Each structure stands twice: as structure tokens, then as C-alpha cells.
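This report refers to the structure that appears directly beneath it.
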Amino acid sequence: MVTEHASLDDGSLVAKVVDGDEAAWNEVRRRYALLVRSVVVRVLDERRASEAVLDELPHIEDRVWDRVGRNDAASLRLWNGGRLAPYLAVLTRQEAERHVEDETPAAPLMAHLPTPIHLTRDSSVADGGASKLESVLARLEPRAGAMVRLRQRGLGLGEIAATLGQPRAAVRDDLEQLAQRLAKAHGGPDAGLVWSVLLDAMTVPTRVDVALQTEDDGAFRRMRSLVEATWRRLRERTLLERVGWNPGPLQDAPQLAAFVDGSLRGSARAKAEGHLMTCRRSVDAVAMLVMDLRGAVILKAAAGLHDDVAVSAACLATTRFRAAAALARRAAEAGEEQGARLFRLAQVGAALQGGEHDVTDEPSMVRATLVPSDDEAPLVALEALAAGEATNAFRAIDDHAAKQTVGLRLRMLSAASGPDLPEARRIARSFADPTGSDPGLLDDSLAVIALPDMRPLPVEVLTERLRDVVKDAIRLVLTS
């Protein structure tokens, strides 16, 4: 019986649950237990002002499953088909948010976007610019306003395009035009480049050009700092605001899930897209579901591993580094080797997310280990690069470690940071083929090729590329 249910697809399984099959219900819970837990952890991390309270997990999970199974699985009867994971993620987030609001005062929901490296912290200047931009955004056409809010919630260009059901190139063009409009309102003619970076509408080579100009041109750097501070303050003000629903299809959990997973088609999808353009609350709901499902992809790679290891990896993939570290620490204390490595990754991720290096008196792992094992080498190199030690990072990745994609990326990035610029260019030219299978390696290569001769990677570009490497490193840790 267990084997029979385990092999069923979601639709067949749910049909048996609705018919009262207890074994099918148990299989649904087994199959999606980690998804539910990862979403609950993310909600706690988003909504709490302090560390995520892991002791609350069992209680909230029970609330979620009680809701799904209540009244003869009435929630599952409402499911429209497609993929079950997005629908359960919606129900889980709704129930977890109710718990947080019922039990304790909740911290405002904030997206974890990286802090720009050149960010000024002059809040008075940022407040003035943010107020001006709010009036500009209020006059934008609905689609442009939705794109800005999706970006504020942490979605990148590719995710915004997928959410809107539009080609990536078309969305990039729209965001670039929007960047020019925002530049007229704040920052001046040269600020269009800065706004394009903030909206994730810029190609890798142009990002490199902007980073170099930031390093070399004091006036541009000052203008950029003001624009970035204004953007961050605007985002904070936007996300602190509590907004209600405008009635529409995305209020409905099954339709919200189907919209995000792509199974909503025809006139129903057109109506949902219209709702997305006119309802800020629906934009938030869509964005958070996209982020929750980004973590769900990692859970598949962690199948069979310790629960805390799997959920920690999902949190890492969605930039919830505080929760990821707490879970990884608990897994390490239980004797799970991957837990200790994920904890180190969470620390690296948090350092990179802040946009600046933490200076400590402790020696780097490269100095401590000199010749790390193949499994250790990528972690050691990441830690060294995050600490600003490019030479030590380059030394950590030997030819054998560079046979793995993560190792190769780190060898190229560390070499391009100063130790061996010709070697970095040699690697980059070998992997600059846009038809290649690894988009991260391609973007790293394009960044290196865009550098002027004998010019190392700007810290800004290196930090951005390392944030992307962390995602690949998660899978490496899970499979090692």
C-alpha cells in the first residue's frame, strides 16, 4: 500500500484523499512535510524582529495540516490541479502568518535584498528623495508599478518575466525605460545607469562598466550613493505599509497557485494578470510564493538528508541566512556534516548580503588548512573571497577542484580579483559561449571579459557574482 501511494501523481493522490483514503493523506503529509516546514521557517524569519523561534515549528505545522485536512480535506477539494506544491505553499504561508499575528506582535515584512556596497546611510537625504519618488511611482501605468513592486519584494529579472508571462528581453527593455523615467525624477541623466542596476535591467558587461565608473569617478559615486539610499528607503517605506486586497482572482488560493505555476491559462490568466496590475497586495502574494517555491526546488536536491539540513538549504537559497544558520547549527549539533558546511555558507551569504566585509583577527580557513580537500576547497575559497583575501582563495582551488563547476567559477573569480588576471581571461574565454549549460559560469565569464586589460574585478561585481556562486555551492554541499 505504501509503495502504491508513493508512486501516485499529485492529482491521483488528492483524489484518494478526498475519497477518505487515510494512507493517501499520510503520503501527502510525507511528500510535502519539508515544503510546509520551509515556508513556516521563512515566515517566522520574515516576521520576527529576533531570531526565528524554531520551537514554534511543530505547533504551526500542526495548524497547517489541520487546516488542509479539516472538513474532509475541504481545502484539497478546492484545488484546481496543476502542481500541488504551490497550492500547499499558499495555504502554509496564510496559516503561518495568522499564527504570527495571533500570538505575538509581528515585525514588518521585509524582502532580503542585498545592500548596495556604496550605500550612504544619510536617512534625511534618502527620506526626501523617497517622498518625491513615491509620487512618481503613483503616476506610473499599472504594469510598471507592478514590476517595481516585484523588484522591491526581491524578484530578479528572470523571475519578474516569468511572473508576467513575458519574454525576458521584453521585460528588460521595459525596465530600462522605467529606469530612465526614474532618473529624470531623481539623480539626473547619468542616474539611468544606476536605476538600471537597481531594477536588475542591465547586462553583465554594462554592470562591470558601471562598477568601474563608480570606482574611478567621485562625482558619479556620490550620485550613485544618494540614488541607492533613496531606493532602499523607498523600498522600506513601501514594504512597511500594510495594504489590503482589491477584490480579484488572486485572492483565491487555488488561482494564486495556478497563476504562479503557469497552469492558469486563457481568460482566467488574463483576469489574474489584470488583478496583479491593480492590486498591490496581490503583487506581494505572488512575489512571496515565487520565493517560497525557489526554496522548494532545493528541497528536491536534499531528498533523503536530515530535515534540518534540507530546510536550512532552502532558506539559504532564498537569502534567509539567519534562519538557515540556526537550522544548520542544530543539524551540526546532531552530527550532520552537511549542517556544519551549510552554517559556513550561511555566514558567507550574510556577509555578502550586507555588501561589506567583516574584518576579524581570526586567520582565514586557507591559512589554517593550506591545502584543503576537494570538498572543502570551494567553501574555503568562498570564505576567503568574502573576507577580501583573493590570493588565499586562488591558492585553495587547485586543478582538480576546478573540475567542478563551483570550483572553476571560484578559481576564475579569485584569479580575476588580482592574483592571476591572464589565467582568469583564459578561463573566461573558454566558457563565454551563450549556448553553454551553466548560466552562472557564463555570467562570470562575461564579467571577466568585460574588464579592461590588467584591471581586477571591482569589489561590487565580485560580490554580486559570489552571491550567485553561493546558490551552486548549496547543491555541492548537499551532494558531497
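Name every residue in the stretch 183-193 that is among the aliphatic types (A, V, I, L, M) and farther than 18 Å from residue 450 by Cα, in order of residue number. Walk me through how you get there before you give the answer.
Our first condition is that a residue be among the aliphatic types (A, V, I, L, M); within the stretch 183-193, this holds for 183, 185, 191, 193.
Result: 183, 185, 191.
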- Task: Output yes when any residue across the stretch 237-258 is more than 25 Å from residue 432 (Cβ to Cβ), touching a Lys or Arg at 6+ places or on another chain (Cβ under 8 Å), among the small types (Gly, Ala, Ser) and in a loop (DSSP other than H, G, I, E, B), and no when none is.
- Result: yes
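Looking only at residues in the stretch 4-29 that are among the charged types (D, E, K, R) and under 31 Å from the mean Cα position of the chain (by Cα), which one is farthest from residue 74 (Cα to Cα)?
Among residues in the stretch 4-29 that are among the charged types (D, E, K, R) and under 31 Å from the mean Cα position of the chain (by Cα), the one farthest from residue 74 (Cα to Cα) is 9.
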- If you go through the stretch 179-201 one residue at a time, do you hit one that is touching a Gly at 6+ places or on another chain (Cβ under 8 Å), part of a loop (DSSP other than H, G, I, E, B) and crowded, with 17+ Cβ neighbours inside 10 Å? yes
- Query: What number of residues in the stretch 211-260 are under 20 Å from residue 89 (Cα atoms) and surrounded by 19 or more Cβ atoms within 10 Å (Cβ to Cβ)?
  - Reply: 10
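For every residue, the table says whether it meets (1) outside the structural domain of residue 308 (by TED's automatic domain parsing); (2) within 24 Å of the chain's Cα centre (by Cα); (3) at pLDDT 90 or above.
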position	(1), (2), (3)
58	yes, no, yes
65	yes, no, yes
76	yes, no, yes
80	yes, no, no
86	yes, yes, yes
89	yes, yes, yes
- Query: Of all the residues that make up the stretch 426-442, how many are surrounded by fewer than 19 Cβ atoms within 10 Å (Cβ to Cβ) and in contact (Cβ under 8 Å) with a residue 24 or more places away in the chain?
  - Reply: 2
- Checked the stretch 163-172 for anything free of Cβ contacts under 8 Å to residues at least 12 places away in the same chain and in a helix (DSSP H, G or I); matches are 168, 169, 170
- If the Cβ limit is 7 Å and pairs must be 6+ apart or interchain, which residue in the stretch 86-103 that is buried (at least 22 other Cβ atoms within 10 Å of the Cβ) pairs with which residue that is aromatic (Phe, Trp, Tyr)? 87/79; 88/32
- In the stretch 37-80, the residues that are over 14 Å from residue 17 (Cα atoms), in contact with a helix residue (DSSP H, G or I) (Cβ under 7 Å, 6 or more places away or on another chain) and not in a helix (DSSP H, G or I): 51, 52, 53, 80
- Note on the structure: Of the residues in the stretch 295-320 that are in a helix (DSSP H, G or I) and without any contact (Cβ under 8 Å) to a residue 60 or more places away in the chain, the one that is farthest from residue 156 (Cα to Cα) is 308
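Could we say that residue 272 is at pLDDT 95 or above, in contact with a Leu (Cβ under 9 Å, 6 or more places away or on another chain) and not assigned by TED's automatic domain parsing to the domain that holds residue 346 here?
On the way: at pLDDT 95 or above: yes; in contact with a Leu (Cβ under 9 Å, 6 or more places away or on another chain): yes; not assigned by TED's automatic domain parsing to the domain that holds residue 346: yes.
It is true that residue 272 is at pLDDT 95 or above, in contact with a Leu (Cβ under 9 Å, 6 or more places away or on another chain) and not assigned by TED's automatic domain parsing to the domain that holds residue 346.
The values are calculated or read from the model by the stated rules, or taken from the named source; none is laboratory data. Quantities reported herein were computed from a predicted structural model and do not represent experimental measurements. All Cβ positions, glycine included, derive from the backbone under ideal geometry; neighbour counts span all protein chains shown.
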